[in-house]
1. I'm checking my understanding of the structure. Among residues of segment 56-70 that are of a type in the set (A, V, I, L, M, F, W, C) and part of a strand (DSSP E or B), which one is farthest from ligand 1 (Cβ to nearest atom)?
2. If I filter segment 47-55 for residues that are within 16 Å of ligand 1 (Cβ to nearest atom) and assigned to a strand (DSSP E or B), do I get at least one hit?
3. How many residues, within segment 85-118, are closer than 27 Å to Ala51 by Cα, surrounded by fewer than 23 Cβ atoms within 10 Å (Cβ to Cβ) and among the aliphatic types (A, V, I, L, M)?
4. Output the qualifying pairs, or none if there are none: Cβ atoms under 7 angstrom, residues six or more apart or on different chains, first residue in segment 179-206 and at positive phi, second residue buried (at least 20 other Cβ atoms within 10 Å of the Cβ) and at pLDDT 95 or above.
5. With the requirement that a residue be aliphatic (A, V, I, L, M) and at pLDDT 90 or above, what does segment 182-196 give you?
6. Residues to consider are Val134, Val121, Val145; find the one that is crowded, with 16+ Cβ neighbours inside 10 Å, among the β-branched types (Val, Ile, Thr) and away from ligand 2 (no atom under 16 Å from the Cβ).
7. Given the condition more than 16 Å from ligand 2 (Cβ to nearest atom), farther than 19 Å from Asp209 by Cα and surrounded by fewer than 20 Cβ atoms within 10 Å (Cβ to Cβ), answer yes or no: does some residue in segment 52-71 qualify?
8. Which ones in segment 71-99 are outside any loop (DSSP other than H, G, I, E, B) and out of contact with any Leu (no Cβ under 9 Å at 6 or more places or on another chain)?
Amino acid sequence: MSTLQANCPSCAGPIEFKAGSTIVVVCPFCRSAISRTDRALEDLGKVAEIADSQSPLKLGLKGTFNGNKFELTGRAQLRHELGGFWDEWYATFSNGWVGWLAEAQGKFYLTFYQPLPEGSVLPSFNGLQLGQNVAEIPNPTPLMVQEKGRGTFAAAEGEIPYKLEPGEKFEYADLAGKNNAFATIDYSMDPPWVFLATQVTLAEIGLGDAKPVEREARRISTAAMGCPKCGGPPQLLAGHNRTRYLSKL
Ligand SMILES: [Zn+2]
Ligand SMILES: [Zn+2]
């Protein structure tokens, strides 16, 4: 899909789907999550106001990863079932990639959809055990389940590369391995999707000027901060989920 200018079906304010990968735009005037399909716009309901997470990141920041330029075009705040929340920032690349940038305990992770080898079947969410190695995920070192959880889509702003339904819950598992390897399994997809993360510094991805913020008054709960990687896993890769979601509509 290409750039689309439209009027918010809820408040009639001007909204714009700039990136081809954008599925949902959060109306800057009324906070309605507006999704687009080939035929029409759909009002998915209002998201909550973004809470101050004291992140150094903000929409519109531009960076590079492995020589590819990106811009932070959207952000979601996911509520952890233990009460905290975390941010996910969506990076739209000029070459068409979509990634997400998450922060956990002061470290940043850039994450991309990872297709599984043909025939691979992941354990079900209920069947997954903490501490279990998930050999189905292609990675040089084994990835072990660190956390299983449920998140809720609470707040969002900007352009979102998947169909974010305000208030919807999703199940995920976070995994870690040697050499700072991290992965997330997104059980809101069927079959579940895997996302592999690379730990990055903001300087490495061209965001070194983003202002670190004093974190003393951090509002994230201790429970959420205790997660090895409090990064819930929305479904990201644009082309895939566009097809999927369109077929769902
Ligand atoms: Zn609106
Ligand atoms: Zn968590």
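The values are calculated or read from the model by the stated rules, or taken from the named source; none is laboratory data. Here the structure is a predicted model, which is why all the values come from computation and not from measurement. FYI the Cβ positions are ideal-geometry reconstructions off the backbone, even for glycines, and counts take in every protein chain you see.
1. From segment 56-70, those of a type in the set (A, V, I, L, M, F, W, C) are 57, 59, 61, 65, 70; that's our starting set.
Next, only the ones that are part of a strand (DSSP E or B) stay: 65, 70.
Working: Phe65: 32, Phe70: 27 Å.
Here the answer is Phe65.
2. Kept after step one, since they are within 16 Å of ligand 1 (Cβ to nearest atom), are these residues of segment 47-55: 47-50.
Still in the running and assigned to a strand (DSSP E or B): 48.
Yes, segment 47-55 contains a residue that is within 16 Å of ligand 1 (Cβ to nearest atom) and assigned to a strand (DSSP E or B).
3. Selection size over segment 85-118: 2.
4. If the second residue must be buried (at least 20 other Cβ atoms within 10 Å of the Cβ) and at pLDDT 95 or above, the pairs left are Gly206/Gly63.
5. Initially, segment 182-196 is screened for residues aliphatic (A, V, I, L, M), giving 183, 185, 189, 194, 196.
Passing the criteria: Ala183, Ile185, Val194, Leu196.
6. Numbers: Val121 fails: crowded, with 16+ Cβ neighbours inside 10 Å; Val145 fails: away from ligand 2 (no atom under 16 Å from the Cβ).
One residue alone meets the criteria, Val134.
7. Quick first cut of segment 52-71, residues more than 16 Å from ligand 2 (Cβ to nearest atom) only: 52, 54-71.
With the extra rule that they be farther than 19 Å from Asp209 by Cα, the set shrinks to 52.
Then drop every residue that is not surrounded by fewer than 20 Cβ atoms within 10 Å (Cβ to Cβ), which leaves 52.
Yes, segment 52-71 contains a residue that is more than 16 Å from ligand 2 (Cβ to nearest atom), farther than 19 Å from Asp209 by Cα and surrounded by fewer than 20 Cβ atoms within 10 Å (Cβ to Cβ).
8. We begin by selecting, within segment 71-99, every residue outside any loop (DSSP other than H, G, I, E, B); these are 71-80, 85-93, 98-99.
Answer for segment 71-99, where residues must be outside any loop (DSSP other than H, G, I, E, B) and out of contact with any Leu (no Cβ under 9 Å at 6 or more places or on another chain): Gln77, Leu78, Arg79, His80, Phe93.
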